[in-house]
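The structure appears below as structure tokens.
The values are calculated or read from the model by the stated rules, or taken from the named source; none is laboratory data. Here the structure is a predicted model, which means the values were calculated and not measured. To get the accessible areas, we keep the full protein, side chains included, count just its heavy atoms, and leave off ligands, DNA and RNA. Shrake-Rupley method; radii C 1.70, N 1.55, O 1.52, S 1.80 Å.
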Amino acid sequence: MALKKFCAHCGCNRLIDCTERYCGVHKKRDKAESDKQYDKSQRNKEAKAFYNSTAWKQKRQQILIRDKGIDVYVYMTECRIVKAEHVHHIVELEEDSSLALVDDNLISLSAATHSTISRVYKDARKRQQMQAKLRAFLRGFKL
């Protein structure tokens, strides 16, 4: 029998596998709440409208298929296959919105890689270096 523990959500008494943090109900709710909070505090209205558009949803799916659902950054740096969940704009939407749906500006990444790259993008000099690296990885991955 697998080890069980209580869900970490305050007041929840559901038993879950010891490798999990939240039960199914609270895992979804916490993700939804964090997305809602991000939309309120950081994402601007134009970006939110873009990310909810049909054009973006279709392009995102195309890019994930093009990259075979693999985190291109991890694959090119570590030769490991990690599932991609995000499609990242190499040149960010706020920086140049004309590149929003351009294939060569989009790359598939895992959530962890996307977070790491987003932190790097806060420094302008490091952002340019990372953008060049991502473009090179994308060209190399397509071959």
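I'd like the full set of residues that are open to solvent by 50 Å² or more (accessible area, probe 1.4 Å), more than 16 Å from PHE141 (Cα to Cα) and among the aromatic types (Phe, Trp, Tyr), limited to region 42-101.
Selection gives TYR51 alone.
Please go through region 119-132 and give me each residue that is part of a helix (DSSP H, G or I) and open to solvent by 90 Å² or more (accessible area, probe 1.4 Å), ordered by number.
Passing the criteria: ARG119, ARG125, LYS126, GLN128, GLN129.
Within region 41-49, identify whether any single residue is at pLDDT 85 or above and either outside any loop (DSSP other than H, G, I, E, B) or of a type outside the set (Gly, Ala, Ser) (or both), and answer yes or no.
Yes: region 41-49 contains one or more residues that are at pLDDT 85 or above and either outside any loop (DSSP other than H, G, I, E, B) or of a type outside the set (Gly, Ala, Ser) (or both).
Which ones in region 21-40 are open to solvent by less than 70 Å² (accessible area, probe 1.4 Å) and either farther than 30 Å from LEU93 by Cα or at pLDDT 80 or above (or both)?
Residues satisfying the conditions are TYR22, CYS23, GLY24, VAL25, HIS26.
For region 64-117, enumerate the residues that are in a helix (DSSP H, G or I) and among the aliphatic types (A, V, I, L, M).
Passing the criteria: LEU64, ILE65, VAL72, VAL74, MET76, LEU99, ALA111, ALA112, ILE117.
Return only the number of the condition from (1) at pLDDT 85 or above; (2) more than 18 Å from HIS114 (Cα to Cα) that LYS68 does not satisfy.
Of everything listed in (1) at pLDDT 85 or above; (2) more than 18 Å from HIS114 (Cα to Cα), LYS68 misses just condition (2).
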